[in-house]
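**Q** After the structure tokens below, expect a handful of questions from me.
The values are calculated or read from the model by the stated rules, or taken from the named source; none is laboratory data. Just so we're clear, the structure is a prediction, and the values are computed from it rather than from any experiment. Here the Cβ positions follow ideal geometry from the backbone for every residue, glycine too, while neighbour counts run over all protein chains shown. All accessible areas refer to the heavy atoms of the entire protein, side chains included, with ligands and DNA or RNA removed. Shrake-Rupley method; radii C 1.70, N 1.55, O 1.52, S 1.80 Å.
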Amino acid sequence: TKVRVASRDDTIAEMKQSLAKLRTQKLDLMQLHNVRDPNQDIGLLRDWKAQGVCRYIGITSSFERDYEAVEAVLRREKPDFFQINYSLADRESEKRLIPLAADVGAAVLTNLPFGRGRLFRATRGRKLPDWAAEFDAGSWAQLFLKYLLGNPAVTAVIPGTDKPQYMVDNLNAGRGRMPDAAQRKRIVELYESFA
């Protein structure tokens, strides 16, 4: 789960509320959500980890305007996990943040893999290219997700959906072959030709 950046007391209260809502005393991962301050520390999360309340700690961001602050915190704090927005339509994190996370040993979770819907709007009415079968992509969603999963620094992708049929389609992106560097480049070129 995630906790907002707030005062120490508010953060503790929110973390305790998460435990109560989840009906548990232990979490696998607690993340400081949407880091904006380059001086932000994750000491409180480290305390919870030391006490055994959470197994891993991390930081998140979904806003490019905060990337400089996130980079500073990631470099200094070296969290266990790092969650960032990343898609074909939003590749800025691919330049510095995702490689930095790998360098500091943080597992990389990616969110907003469909670019807040931009990818589906760009491909609406377009046929999936035949060459997508080379890496077992059977739908546009699978192609978009496999592009991310093909990045060796990415640990997991968080697509988010409320439709069971989309969940099944998204899960199928994790099956079969993943695109290699040349295929990932071809995917980018295809997407850019639509833009």
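**Q** Quick check on the stretch 56-66. Is at least one of its residues farther than 21 Å from residue 148 by Cβ, touching a helix residue (DSSP H, G or I) at 6+ places or on another chain (Cβ under 8 Å) and either free of Cβ contacts under 8 Å to residues at least 60 places away in the same chain or of a type in the set (D, E, K, R) (or both)? Can you show your working first?
**A** Let us first name the residues in the stretch 56-66 that are farther than 21 Å from residue 148 by Cβ, namely 57, 65.
The next check asks that each one be touching a helix residue (DSSP H, G or I) at 6+ places or on another chain (Cβ under 8 Å); those that pass are 57.
Narrowing the set further to residues that are either free of Cβ contacts under 8 Å to residues at least 60 places away in the same chain or of a type in the set (D, E, K, R) (or both) leaves 57.
Yes, because at least one residue in the stretch 56-66 is farther than 21 Å from residue 148 by Cβ, touching a helix residue (DSSP H, G or I) at 6+ places or on another chain (Cβ under 8 Å) and either free of Cβ contacts under 8 Å to residues at least 60 places away in the same chain or of a type in the set (D, E, K, R) (or both).
**Q** Now for a different question. So which strands (runs of 3 or more DSSP E) are wholly in the stretch 1-81 and hold at least 1 residues that are hydrophobic (A, V, I, L, M, F, W, C) and open to solvent by 40 Å² or more (accessible area, probe 1.4 Å)?
**A** Numbers: elements: 2-4, 27-33, 54-61.
Because the criterion is at least 1 residues that are hydrophobic (A, V, I, L, M, F, W, C) and open to solvent by 40 Å² or more (accessible area, probe 1.4 Å), no strands (runs of 3 or more DSSP E) in the stretch 1-81 meet it.
**Q** Residue under question is residue 186, and the condition is that it be open to solvent by 80 Å² or more (accessible area, probe 1.4 Å) and either within 13 Å of residue 132 (Cβ to Cβ) or among the small types (Gly, Ala, Ser) (or both); does it hold?
**A** Numbers: open to solvent by 80 Å² or more (accessible area, probe 1.4 Å): yes; either within 13 Å of residue 132 (Cβ to Cβ) or among the small types (Gly, Ala, Ser) (or both): yes.
Answer is yes for this residue.
**Q** Within the stretch 86-93, identify whether any single residue is touching a strand residue (DSSP E or B) at 6+ places or on another chain (Cβ under 6 Å) and among the hydrophobic types (A, V, I, L, M, F, W, C), and answer yes or no. Spell out how you get there, then give the answer.
**A** First, the residues of the stretch 86-93 that are touching a strand residue (DSSP E or B) at 6+ places or on another chain (Cβ under 6 Å): 86, 93.
Now restrict to residues that are among the hydrophobic types (A, V, I, L, M, F, W, C): none.
No - not one qualifying residue is present in the stretch 86-93.
**Q** Mind checking which residues of the stretch 162-176 are assigned to a loop (DSSP other than H, G, I, E, B) and open to solvent by 30 Å² or more (accessible area, probe 1.4 Å)?
**A** Applying the first criterion (assigned to a loop (DSSP other than H, G, I, E, B)) to the stretch 162-176 yields 162-163, 173-176.
Hits for the stretch 162-176 are 162, 163, 174, 175, 176.
**Q** Then there is this: Step by step: first the residues of the stretch 126-148, then only those that are assigned to a helix (DSSP H, G or I) and over 21 Å from residue 158 (Cβ atoms), then the one that is least open to solvent (accessible area, probe 1.4 Å). Which residue is that?
**A** So the first thing to find is which residues in the stretch 126-148 are assigned to a helix (DSSP H, G or I), and the list is 130-135, 140-148.
Applying the additional criterion that residues be over 21 Å from residue 158 (Cβ atoms) yields 130-134.
Details: 130: 120, 131: 40, 132: 0, 133: 59, 134: 90 Å².
Among those that are assigned to a helix (DSSP H, G or I) and over 21 Å from residue 158 (Cβ atoms), it is 132.
**Q** If you check 179, 113, 159, which single one turns out to be crowded, with 19+ Cβ neighbours inside 10 Å and at pLDDT below 95?
**A** 159
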